[in-house]
Each structure stands twice: as structure tokens, then as C-alpha cells.
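Below: one structure, written as C-alpha cells.
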Amino acid sequence: MAEESFLADDFLRQLMSVGEVDLLVGVPTYNNASTLGQTLYSVEETLRHNFVRQRAVILNVDGGSADETRQLFLQSGEGRDANHNKGLTSLRTTHRISCEYGKAPSQGLALHNIVAAADLLRAKACAVISPTTTNLTPSWVVNLLRPVYSESLDFVAPLYARTRFQGLLVRDLLYPMSRAIFGQRIREIYCEEWGFSGRLASQCLEKDVWREEAVRARPEAWMAITAISVGLKCGQSFLGPKIAPPTGTDIVEIIRQTVGNFFWCMEANQAQWLSHSNSQPVPTFGPDHELSLDGIPPSQEKIFELFRSGVSELEPILGSILSQDTHAQIKAIARSDRSQFHFLTELWVKTLYEFAASYHHAVLNRDHLVQALVPLYRGRLCSILLERADSSADAMETQSEAVCKEFERQKPYLVERWTVNR
Amino acid sequence: MKEVIIQGLSQAYANLVRMFAEFLPRLLVMMVIVVVGFLVAYGLKMILRAVLHVTRLDRLSEEAGASRFLRMAALPSMTELLSRSLFWVTWLGFILIGISVLGVAGLQEQISRLFLLLPAIFIAILILFVGLVTANFLSRAALLAAVNAGYASPKLLSWSIRFVIWALAVSMALEQVGVARQTVLAAFSIVFGALMFGLAIAFGLGGKELAREFLERNLRDKKKEKYEEPQPL
């Protein structure tokens, strides 16, 4: 088996002692001792009360924590087993396995271990749960596992309730673009919690891409796109608002990871999407979006300044990525006054499609190309903040839908630029 | 008297004929070597071109930004450039062998020297190429990082990095071919030392306030600035 070559012997022994399971919950950790207790409590409560007859395993894959996360994982299991034996509802023992996959955290390596374990244990439904989410409740785990186990879905993305200024990269770039390209209306393919089937785990395990930087950085999105590409059933499930400790917003790193991963997936799956148009809704459990009007609009001054200086300083780089017309339009709006500033949706979509095509044709180093998008994203962000500062939640959703339609309308332009010989 | 003149002329004519008779076969050998050299060089060029097409060197060169510089200098693609270089180096080698066959006194030594220099020239070209690619890659990486972080004068930073790497590559290449070794070393040391010294003075004395502002902005106020942007995911 492929997984025998990279799973540690001790980890393999633990997996073999468990035998086959119905459910697998993976908890990737790295120095999460402070929040792991709540995560494990929610997972165990879910398995105990909602999957009474199913054989289950909780799998901790650790990236070399220095704060005794693994010990905490194993000890908390012992304590709860005692409670469980005192007469709670589960009829089966919930197994706990912990392994250390390396000395540095890596989302890709963590998921590689989880899917290998799922394949080996022949798990029917799996979920990955992030220990950084501080408001995780048992319902989250149920909402991710049940559609896979009971409704035979192969990939279940989460849906989070958001404030109006949260997740703008998702709402204005990642969701509309993934919807237009891959034809499935899954809102959150870049997520920290998701569910998947054993079937999808086996398919992913067979792919020889685990060493790719794009897959290592955001394996969940690659998994979602793989599910779509091979024709497996995808859906989404509402979880509620997500609260995680602030980790800062390094927009450059986030764009490198997400947009870099998305462009890479476009290239890897081009045979699937080049011939398709339009998009289809996917099975959705719970509301398909929830936007609150909380949150203070961030200052646009600095964001606009970074956009303007970026367009000016990166002129030769942008000139090699964009068409003359698009580049000229961007330079023109960068010269406008901030109060009059508009980065129109049509121009934004065209810009992104030209970036994607240039990535495909490798007009310059691909990581540099993705980084050159950052100032333009800031420009678009500034435009959104100016235009939608007083919009209602419904109006914002309508505007987001219009962005999605524009991405779908311009897809033939992307195909044209993508397939042209350079 | 007349006889002496005739004898001298006939002697000179006989020498000329003998020299020509000795030289003609050598000339023919040289021409054969040059023609064979051309064919070998052409064959090697075609093989290298095919290998480089398979390894997609042009794409790598495009990604690294070296192709842009080649276009700016009106040079052909990287594959074409390397194939042509190999052709000329090989053919030149054969031409020099051919010339040495002629046996012209004094030329032998010069040709031997030139022969010894050929590998060094090739390595020097390689050093310049690697320097060009590295300088372009690192200066662009620095430019993007500085622009995205909102630092002042990102182009200055980018050009400084490019200049330092170019200077290093050029001095290494000249050192390799042995052109004015001491002068190159001294010139590089002076330029590099002056640059570093200038920067040290600029930051240490002239730009004290600027340096303080820079450090404050990047250490103390970094968190505050970062949170100005809304959560993207």
C-alpha cells in the first residue's frame, strides 16, 4: 500500500489495533493545549450521542507541539472514558490515536496522515476539526459527519455566519471564481473544518501531489476540487459563527496560499473545467449564508495608498501579466481620487482571469505572479468598502451574487486566454 | 653575374615551390578539420537544442525573468543562446586546431594559450548567466515584498540587490578569465565596501531619525497596521 511508505511504524501499529471504523475525526494540532479540551469534548459528545452504534476513532496528528498537546489529548481521553463507562449512551468504544508527523506544522502532511488512516481503517465518514476554533459545539461535528454518513455526500464544506466585513477574499474572489470555473456553488472550499467520505480519501491518497507546495498549503481546497473533478457528490453544511484566536491578517501570505493553490488546481484540472460552463447548486444543510451587519468598516486610506503605490511600483511586472487594455484601466483608476474610486466588477473579473492565464503560461515565477495580485486585491477591497459601507445584509448578498454571475459571464474570455498559444 | 642571378632566382623559386608543396597539404588538412568541425558543432547544437526543448529550459528562463533581459538585449531565447554558444565554442576549437596544423611559427603558442582560455570563457559566461537570473529573481522578490509591506522606496531596495549581485557576478566572471585580476578584486572591494560603508553611515548618522521611524513602524506599530485590513477568510 502507498501509505505504508510514509506512516510511522508506531502509528501503523495503533491503526491496526483499532481495526475497521465507521467514523473518523481528525484533529490536526500544533501547540493547541489551551483549546484542545473544548474541541475533544465536542467531538466526543457528538460521537456519544449522535452516532451511538457506529465504530469511531479520534485521530490526533501533531506537528511537533512543544506544549504537551499530545499528552493532553491522550489524558483527556482516559478521563472521559471513565465517565463514558458510568453509563452514557454510546454502545461502542471511541478509540483515540495520536501521532507526530513531523517537527513543524504542515496542513498537507497532517491531512495526508488522516486520509491514509481513513483508507486503512476503511472509514465511511470523516471530519477534520480545527482545535483553534474556540466556539466549537457538538452540532458542528454532527453537521459535518451526518451528510457524509447518512446522505452519502463525499465532501461537505462548512458554512459560517459572518459579519459584513469578514471573509471578503472568499466572497469576492475565491467563491465566485471557484463557482465559475468548477461549476459547483460551494461557498467555503478554503476552511479549517470539513467532512469527507472514505471514498474521497482513497481517491486523494492515490494522487501523487502531496509534495506540491500548493497542496501542502491548502489541502482542503485541493480535496474539494478533486471531489468535483472526479464527479463525486459535494455539499455544504451551516455551522454558525466561527470564533478563533486572532492570528493577524497577513494578506500576502493568505493570498499566496489560497490564490496560489486555486491557480494550481485550475492547471491540474484543466481538462475538467475548460469544456464546462454555468454552475450548479449543491445540497445545503441549513441556511446557505448568514451575514450580520456587525463590525466597523476598516479605514480605507491605508488600503488605497497601498493599492496606488503597488500599481505604480509594480508597473513592469503587471505589464507582463495583464493585457495592455486591462493594465491601462487599472493605472487610470489608481490615478483617481479616493472619494471617486471604483474598481468595477467587470474589470476585477477580467484582471483575475488574466492573472490565471498568465499563471498557466508561466510568464514569470508563479509565486511572484500571485504576490503581484496583492495590491490589486487591496484596490478592489477599498472599492467594496467605499461602495458597500451602508449596504444592508440582503443588498450585500445581492452584490455578491452579481459578482458570481460576472465571473460566469466572462468565463469564455478566460478559456480564450488560457488556450491561446504563447 | 647573370648566372648568379638566375641561380638565385631559381633557388628562390625552388624554395617557394617546396614551401608551397609543404603548405598545400596542411592547408587542405586544415580545411578538412574546419569542415568536420562545422559538422560536429552543428550536430552538437541540434542535440543540445533538442535536449533543452525537452527539459523546457525556455519556460524556466521565462519564469526566472532571464528571458525578459535577453529580449531587452535583442538576444534569442535561452535554448537558442546556449545551443549557438556551444556551436561557436566547438567550431572555434576546431578552427584553432586547424590553424595549428598549418605550423606557422609563433602562432602555435598563441593558439595553445587561447585553448587554455576557452573553458574559462565558457565558465565565465555561465557565471554571468547565473548572476543575471539570480539578480533578477531576488530583486523582483524584494520589490514585491517591499511593495506589499508598504515600505518606502521599494525600487531602490530592488535595484540595490540587483546591482550588488551583478557586480559580484561580473567580478567573478572577469576573475575566471584572468582579466586584470588585481584591478577587478580591488575595484569590487572598493565599490562593495563603499556601498556598505555609505549605508552604515546613512543609517547610523544621516538617517538616524529615519532608521528610528523605520524600526518603530516595523516593530512597535506592526500589529496595529496589520489589523487595519479586514479578515480575508
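Find which of A:VAL230, A:LEU7, B:ALA21 sits farthest along the positive direction of the dipole of the protein assembly as shown, computed with +1 on the beta-carbon of Lys and Arg, -1 on that of Asp and Glu, about the Cα centre. It is B:ALA21, whose Cα lies furthest towards the positive end. The Cα atoms of chain A cover 70, 46, 40 Å along the three principal axes, with the biggest extent listed first. The order of A:PHE341, B:PHE94 by accessible area, most exposed first and with a 1.4 Å probe, is B:PHE94, A:PHE341. Residue by residue along A:313-321, Cβ atoms of other protein chains within 10 Å of the local Cβ number 3 on average. Per-residue mean of foreign Cβ neighbours for B:145-154 is 5 (Cβ atoms of other chains, 10 Å radius). Coupling constants for region B:16-31 follow from the phi torsions by the Karplus curve (6.51 cos²θ - 1.76 cosθ + 1.60, θ = phi - 60°), and in residue order they are 4, 5, 5, 4, 5, 5, 6, 6, 4, x, 5, 4, 5, 4, 4, 5 Hz; glycine and proline get x. Once the partner protein chains are put back, region A:372-409 shows a loss of at least 40 square angstrom of accessible area, versus the chain by itself, at A:ARG378 (probe 1.4 Å, ligands and nucleic acids excluded). Dipole of region A:9-291, Cα-centred, from +1 at each Lys and Arg C-beta and -1 at each Asp and Glu C-beta, to the nearest 20 debye? Using Cβ point charges on Lys, Arg, Asp and Glu, region A:9-291 gives about 640 debye. Taking all protein chains together and rolling a 1.4 Å probe, A:GLU100 ends up with roughly 70 Å² accessible. Solvent exposure of region A:300-419, expressed per residue, is 37 Å² of accessible area, with all protein chains present and a 1.4 angstrom probe. Nonpolar atom fraction for chain A, defined as the carbon and sulfur part of the 1.4 Å probe accessible area, stands at 48 percent.
FRET efficiency for the B:VAL34 to B:ALA152 pair, using the beta carbon distance and R₀ = 51 Å, is estimated at 0.30. Full extension of the chain segment joining A:GLN280 with A:GLN38 gains 83.5 nm, where the gain is 0.36 nm per residue of separation less the Cα-Cα distance.
Across peptide A:361-371, the mean count of Cβ atoms from other chains lying within 10 Å of each residue's own Cβ comes to 5. Let's test the formula: R0 of 22 Å, r as the Cβ-Cβ distance of B:ARG181 and B:PHE122. What FRET efficiency results, to the nearest 0.05? Using R0 = 22 Å, I get an efficiency of 0.75.
By DSSP, the beta bridges lying fully in the protein assembly as shown are antiparallel in about 15 percent of cases. The order of A:TYR41, A:TYR353, A:TYR160, B:TYR151 by accessible area, most exposed first and with a 1.4 Å probe, is A:TYR41, B:TYR151, A:TYR160, A:TYR353. Put simply, when A:258-266, A:393-401, B:134-142 are sorted by average Cβ atoms within 10 angstrom per residue, most first, you get A:258-266, B:134-142, A:393-401. So for region A:9-291, taking the charge dipole from beta-carbon charges (+1 Lys/Arg, -1 Asp/Glu), which of A:ALA268, A:ALA217, A:HIS289 sits furthest toward the positive end? Highest projection toward the positive end goes to A:HIS289.
Using the empirical formula 2.2 N^0.38 Å as the baseline, the Cα radius of gyration of region A:300-419 reaches a ratio of 1.07. If the chain linking A:LYS331 and A:GLU212 were pulled fully straight, counting 0.36 nm for each residue of separation and taking away their Cα-Cα distance, it would gain 39.4 nm.
The charge dipole of the protein assembly as shown, taken about its Cα centre with unit charges on the Cβ atoms of Lys, Arg (+1), Asp and Glu (-1) only, comes to about 1220 debye.
Percent of alpha carbon pairs in region A:217-320 separated by more than 16 Å? Above the 16 Å cut-off, region A:217-320 has 77 percent of its Cα pairs. Residues B:GLU229, A:GLU354, B:GLU3, A:GLU346, sorted by accessible area with the largest first, give B:GLU3, A:GLU346, B:GLU229, A:GLU354 [1.4 Å probe; ligands and nucleic acids excluded]. Interface of B with A. Using a 1.4 Å probe and counting protein heavy atoms only, the two chains hide about 3000 Å² of accessible surface, both sides summed.
Ordering A:SER279, A:LEU109, A:GLY64 by the projection of their Cα atoms onto the charge dipole of region A:9-291, which places +1 on the Cβ of Lys and Arg and -1 on the Cβ of Asp and Glu, puts A:SER279 at the extreme positive end.
The values are calculated or read from the model by the stated rules, or taken from the named source; none is laboratory data. Since the structure is predicted, the reported quantities are computational estimates derived from the model, not experimental observations. Backbone-built Cβ (ideal geometry, glycine too); neighbour counts: all protein chains shown. Just so you know, the surface numbers come from the protein's heavy atoms only, side chains and all, with ligands and any DNA or RNA stripped out. Shrake-Rupley method; radii C 1.70, N 1.55, O 1.52, S 1.80 Å.
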